[in-house]
Amino acid sequence: MSENKTIKLDENGKLHAVLRCVTEPSEEQRQKFVQFLKNKYELEDTDQVNLEIVQDPDVHGGFILDIGSDEYDWSTRGRERQFENQINDARARAAREKSQEGIMEIMRAAVEQFHLEAEQSEVGHVLTAGDGIVTITGLDHVQYGEILVFENGVKGMVQNIGEDGIGAILFDAEGSIGEGTRVTGTGKRAGIACGDGYLGRVIDALGNPIDGGAPIKGDEYRAIEQPAPGIIDRQPVTVPLETGILAIDSMFPIGRGQRELIIGDRQTGKTSIAMDAVLNQKGKDCYCVYVAIGQKASTVASIVNTLKKNDAMSYTIVVASTAADPAPLQYIAPYAATSIAEYFMHRGKDVLIIYDDLSKHAVAYRTLSLLLGRSPGREAYPGDVFYLHSRLLERSSRLSENLGGGSITALPIIETQDGDVSAYIPTNVISITDGQIFLESDLFFEGQRPAVNVGLSVSRVGGAAQTKAMKKAAGSLRIDLAQFREMQVFTQFSSDLDEATQNQLKQGNVLMELLKQPLGHPLSTADQVITLCVAEHKKMINVPVKNVKAYQKEMLAFFADKYSDIVEEINKKGQLPDELTERILAAADEFGAEYAEAHKTKNA
């Protein structure tokens, strides 16, 4: 019948068409419409056309011809829309090509190139609407992820394609959408504007600013769903991304392009670790994207204030889809944020992206899937919930030098229930990522903060993403801590301990104390290397545990003041030769003597 689809004839073998116009056409005009329909849909005779004329003042002028789900729009409103689209396309093209022409030249060229035509489009109708989900019939040629426009201006996205129609999610309140509402496809996949203008801003999942600032001008439009880089497009993860947290940088190093999961119960400091990592990127040519999914608006505001207070917003973008937002916006938020991160990655920049948290993201997707009528599986999640996160996290990589060498480092956060890492979503994300930092409630309440469980945490990139200085200084730290924990359990009921065991326990307590770190105080690479080098050579073994942090703080200030050459050498070269180790230990001995003398005088 037609070029693309079969038009169903009614029970009388006729094609039913509706012509909406302001004034009724003449008989000659009517016959022209009938002849057009006969030719277009390859009918045998004009008698097979049943043309219904409906006078509709809302058309304003011209006509709209509806045949099933096909629509030909030659109305005044339709022509205005065509012209507006032509202007917007011209402006977007000029922005992409960084044209130096003024707005008047762009508009003049768009007007000269504009040609009116009876616009053909496919029109569907809403069957049901509710809870941010609509089912539609009549749109036979839309694709998954395509943007739909409803007649009241609300936009949605195709999420389900079935034999009996399509399911779509809405990006706004339903408003007047109900049964029979007209909806059209745009042919464009859901995407977000990207550009340098987003740095320092707080936006929603659609890219709209929500910080009260000026509208943001994007340089490029990127689809929110992008294929992950292939193997040939990547290079190994070898460049460290320092978090400034001693426990992580020394034992579970994170590299640029890695995906390291932060997992633990609620209120164990997961977001705090991510925030410290963001603060530590200051001056390191690394942009940061923080995605809040299902968080309280007050929590997001607190995080933004922390970033502003530490002058970190200049290189950070906050994408917020709070608990008050509908499930569709919470679902697309991490994909939209990753597209913004990819904009910078493809320009050779390094980006750190934090997904806080993917547990709530999975819940939002489960809500959508159940409302769309998909079959529930384990824990009522749909069968493709693994793919939900794998296709998101696979987009984090370090590109090859041919593609600019940019990277996206991902820190997804997962919330566990009572430390259960064997639940569905935690095991999924653990298997997708390149390691995990496991935070334990018991350690947190004991005052060990960050509450990193050294035994369950791991980085599968490991020493490849560590500076040589850090690798050498950390040395046997993990083994020492493991032996300490074992010995601590073994000797907790013993009173008579030999000197070697006592020293091992003292050293272990010092190391555990050093791993404690106050919130918002990341350490530089040099500070971490000096601390570890001194501690591993047992220069602090006789310092009372309660004084260890004060001792460390004073010692680092001593190095910065008197031995700044050592600090600069570590920060610049990232090496720790034996000669430099000896200089560090000699300086530590000098400080130890001064510290002992000062405290002896104070006590006297």
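The values are calculated or read from the model by the stated rules, or taken from the named source; none is laboratory data. The model shown is predicted, which means the values in this text are computed figures rather than measured ones. Quick reminder, even Gly has a Cβ in these numbers, built from the backbone with ideal geometry, and neighbours come from all protein chains shown. Remember, those area values only see protein heavy atoms, side chains included, never the ligands or the DNA or RNA. Shrake-Rupley method; radii C 1.70, N 1.55, O 1.52, S 1.80 Å.
I'd like the FRET efficiency for I210 and D45, computed as 1/(1 + (r/R0)^6) with the beta carbon distance as r and R0 of 41 Å, rounded to 0.05. After rounding, the FRET efficiency stands at 0.10. Each of the peptides 351-362, 465-476 was scored by the mean count of other Cβ atoms within 10 Å over its residues; in descending order, highest first, they stand as 351-362, 465-476.
Scanning the chain for GluC sites (Glu not before Pro) in DSSP loops with at most 15 neighbouring Cβ atoms within 10 Å leaves 180-393 as the longest stretch between them.
Work out the FRET efficiency for E486 and A596 from their Cβ-Cβ distance, taking R0 = 30 Å, and round it to the nearest 0.05.
0.40
Per residue, the chain exposes 47 Å² of accessible surface when a 1.4 Å probe is rolled over the protein heavy atoms with every protein chain present. About its Cα centre, region 319-365 has a charge dipole of approximately 120 debye under the convention of +1 per Lys or Arg Cβ and -1 per Asp or Glu Cβ, with nothing else charged.
Taking all Cα pairs closer than 8 Å and separated by 6 or more residues, the relative contact order of the chain comes to 11 percent.
The length gained by stretching the chain between H16 and N547 to full extension, at 0.36 nm per residue less their Cα-Cα distance, is 182.4 nm.
Restriction of the trypsin sites (Lys or Arg not before Pro) in region 210-265 to DSSP coil positions whose beta-carbon has at most 14 other beta-carbons within 10 angstrom yields K217. Taking a ≥ b ≥ c as the square roots of the eigenvalues of the Cα gyration tensor, region 428-570 is oblate, since a/c reaches 1.5 or more and a/b is not larger than b/c.
Compared with the alpha-carbon gap, the fully stretched path from K538 to R77 is longer by 157.9 nm at 0.36 nm per residue. Anisotropy class assigned to region 381-498 is oblate, per the alpha carbon gyration tensor with a/c at or over the 1.5 cut-off and a/b no larger than b/c.
Between A560 and K217, the simple spin-label model (points 7 angstrom out along Cα→Cβ) gives 4.1 nm.
What does the helix-only formula give at 222 nm for the chain: each DSSP H stretch with n ≥ 4 adding -39500 (n - 2.57), the total divided by the residues, and the result rounded to the nearest 500 deg cm²/dmol? One gets -12000 deg cm²/dmol as the mean residue ellipticity at 222 nm. In the chain, a dipole from Cβ-located charges (positive for Lys and Arg, negative for Asp and Glu) runs towards its positive end, and of Q48, I293, L139 it is I293 whose Cα lies farthest in that direction. Ranked by the mean number of other Cβ atoms within 10 Å of their residues, highest first, the peptides 199-207, 55-63 fall in the order 199-207, 55-63. Using a cut-off of 20 Å between Cα atoms, the listed pairs K546/K600; K506/K549; K506/K546; K270/K553; K472/K553; K284/K309 include K270/K553; K472/K553 as exceeding that distance. Secondary structure note: in the chain, about 60% of the DSSP beta bridges are antiparallel.
What does the convex hull of the Cα atoms come to per residue for the chain, in Å³?
It is 192 Å³ per residue.
Using a Förster radius of 60 Å, what is the FRET efficiency between S422 and H60 based on their Cβ-Cβ separation? Nearest 0.05, please.
Using R0 = 60 Å, I get an efficiency of 0.45.
Distance from the C-alpha centroid of region 368-438 to that of region 287-353: 17 Å, rounded to the whole angstrom. For the chain, carbon and sulfur atoms together expose 50% of the accessible surface, with a 1.4 angstrom probe and every protein chain in place. Residues of region 198-220 with an amide N closer than 19 Å to a point placed 7 Å from the Cα of T186 along the Cα-to-Cβ direction: 203-210, 215-220. Which chymotrypsin sites (Phe, Trp or Tyr not before Pro) in region 405-460 sit in a loop by DSSP (not H, G, I, E or B) and have at most 15 other Cβ atoms within 10 Å of their own Cβ? Filter output for region 405-460: empty list.
Setting aside same-chain residues fewer than 8 positions from K38, which lysines have a Cα under 24 Å from its Cα? Filter leaves K5, K8, K14. Magnitude of the charge dipole for the chain, about its Cα centre and with charges confined to Cβ atoms of Lys, Arg (+1) and Asp, Glu (-1), is about 2000 debye.
When +1 charges are put on Lys and Arg Cβ atoms and -1 charges on Asp and Glu Cβ atoms, the dipole computed for region 226-308 relative to its Cα centre reaches about 240 debye. Less than 15 Å from a label point 7 Å out along the Cα-to-Cβ axis of H521: which backbone N atoms in region 557-594 qualify, by residue? Label zone hits: 557-558. Report note on the peptides 262-270, 181-189: ranked by the mean count of other C-beta atoms within 10 Å, highest first, their order is 262-270, 181-189.
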